[in-house]
Amino acid sequence: MPAFLLLLLQMGVVLSAARVVGRVFRAFGQPQVVGEMAAGLLLGPSALGALAPGISAGLFPPDSLPLLGTLSQIGLLLFMFLVGVELEPALLRHRSHTAVLASHASITIPFFLGTLVALALYPRVSDSSVSFTGFALFMGAAMSVTAFPVLARILTERRLVGTPLGAVAVACAAVDDVTAWSILAAVVLIVRSRAGALALWATIAGTAAFIGAMLLVVRPALARLGRSARSAGRLTQDQTALLLLLLLASAWSTEALGIHALFGAFLFGAVVPREAAVVQDLTRKLEDFTVVFLLPLFFAFTGLRTRIGLLDRPELWGYAGLILVVAVAGKLGGSALGARLTGMGWRDSLSLGVLMNTRGLMELVILNVGLEIGAISPAVFAMMVIMALLTTLMTSPALMWLRPAGLAGAPVPDRPGNRA
């Protein structure tokens, strides 16, 4: 089949599977995105490839995957840009005492436990092509992330937006993601410098200069665009094109520096003017196309790279179970403990821990970066994908158990002055 016709067929199959499986998961109280993640795995070698290898080979031949992967990367760039656009800097500056302690605990504890797991896994599932430092830092970062978009959707569905619990959860998730991506940037620097890319000192200096330019030059320069959009009530097509060009330039710069294009996309989104007209218009123009059409391609590409069959020995499944237990204990337990130490009740502390344990899409993004740079092996990638799916799947049922319908929007007992 000609390459273009095959690509159209692949996109149609992926989009259909994402909507159908997503609807099935929604019927069981799960967010749509969880079903889309599962659909990606079902289309890969672990499900379709095992049940119908002929169909799988005809639909997703190896030589067609680079193009599918390129389209999925474009979707990720736009998604990370939107995550940066919708990130509210006030959440990072004006956090309550509860959010400060809980966010610190929800980062440091899973990061520490992730590095401990790395001690056990490195000699068994890794090799000398990646340093232990890079492997351990990656495991710590992967354990620390929270799926900010999925968490926000769950808060909306459970009527927790606007409550103290919802405010604390959003603040913690924002801090966690920024911190986890900063750690991941360091991992990419270490691994790529070892692989003979740009010298480490040059990458660090260039990255510092790039961040300084974004904050001190680009952000003030875009303020005029924000004022113009506010006056007109919307972005013009020329202004949208300018922002997309700057997005591409930012992504190109960080990729050239050796720290991956996704960092540039996220950082540029974070410096876009916070004018309501800008944020709302960008979201309206880009979100549906990115989330509905492009992200399912990323889930499918992830599924095609996930070979659960690599876990062909009992001890490998034991390592996968260890990763899951440590991930839940570190993230859920760390967040809940931090919240409890500030005086929040146990029910609300555990609710916060459950929300912060949602990894979802952001975890898959980090895992794909790790696999791409060689920080983890395909077997560890499969273990971590399983962990990402299961920790996201458990969020809604656990939250429903902790906060039944009557308590969905109940206020969180909090000390005076601890309101987010």
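A compact table of results
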| quantity | calculated |
| --- | --- |
| Unmet requirement for Arg347, which otherwise passes all of (1) closer than 22 Å to Leu155 by Cβ; (2) open to solvent by 40 Å² or more (accessible area, probe 1.4 Å); (3) not in a helix (DSSP H, G or I) | (3) |
| So Trp346, is it over 21 Å from the mean Cα position of the chain (by Cα), of a type outside the set (Gly, Ala, Ser) and closer than 22 Å to Ala173 by Cα | yes |
| Single unsatisfied condition, Arg359 versus (1) among the basic types (Lys, Arg); (2) open to solvent by less than 20 Å² (accessible area, probe 1.4 Å); (3) modelled with pLDDT under 85 | (3) |
| Residue within the stretch 382-405 that is touching a Phe, Trp or Tyr at 6+ places or on another chain (Cβ under 9 Å), assigned to a helix (DSSP H, G or I), modelled with pLDDT of 90 or more and open to solvent by less than 20 Å² (accessible area, probe 1.4 Å) present | yes |
| Some residue of the stretch 192-205 being modelled with pLDDT of 80 or more and open to solvent by 50 Å² or more (accessible area, probe 1.4 Å) | yes |
| Filtered residue count, the stretch 270-300, keeping only those that are of a type in the set (Phe, Trp, Tyr) and open to solvent by less than 30 Å² (accessible area, probe 1.4 Å) | 2 |
| Restricting the stretch 8-31 to residues that are part of a helix (DSSP H, G or I) and open to solvent by less than 20 Å² (accessible area, probe 1.4 Å), the residue that is nearest to Arg359 (Cα to Cα) | Gly22 |
| Some residue of the stretch 216-231 being surrounded by fewer than 17 Cβ atoms within 10 Å (Cβ to Cβ), hydroxyl-bearing (Ser, Thr, Tyr), over 25 Å from the mean Cα position of the chain (by Cα) and not in a helix (DSSP H, G or I) | no |
| Thr236 vs. criteria without any contact (Cβ under 8 Å) to a residue 40 or more places away in the chain and within 21 Å of Leu78 (Cα to Cα) | yes |
| Considering residues of the stretch 120-146 that are among the β-branched types (Val, Ile, Thr) and under 11 Å from Ser377 (Cα atoms) only, the residue surrounded by the most Cβ atoms within 10 Å (Cβ to Cβ) | Val130 |
| Candidates Leu121, Leu82, Leu101, Leu151 - the one that is under 20 Å from Ala327 (Cα atoms), aliphatic (A, V, I, L, M) and modelled with pLDDT of 85 or more | Leu121 |
| Every residue from the stretch 136-189 that is over 18 Å from Gly264 (Cα atoms), in contact with a Phe, Trp or Tyr (Cβ under 9 Å, 6 or more places away or on another chain) and β-branched (Val, Ile, Thr) | Val145, Val170 |
| Residue match in the stretch 42-51 (condition: within 22 Å of Thr395 (Cβ to Cβ) and either surrounded by 15 or more Cβ atoms within 10 Å (Cβ to Cβ) or of a type in the set (A, V, I, L, M, F, W, C) (or both)) | yes |
| Every residue from the stretch 265-314 that is in a helix (DSSP H, G or I), farther than 22 Å from Gly49 by Cα, in contact (Cβ under 8 Å) with a residue 24 or more places away in the chain and not hydrophobic (A, V, I, L, M, F, W, C) | Gly269, Asp281, Thr283, Lys285, Glu287, Thr290 |
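The values are calculated or read from the model by the stated rules, or taken from the named source; none is laboratory data. From a predicted model like this one, the values you see are computed outputs, not experimental measurements. With ideal geometry, Cβ positions are generated from the backbone for all residues, glycine too; neighbour counts draw on all protein chains shown. Calculation scope for accessible area: heavy atoms of the full protein, side chains included, ligands and nucleic acids excluded. Shrake-Rupley method; radii C 1.70, N 1.55, O 1.52, S 1.80 Å.
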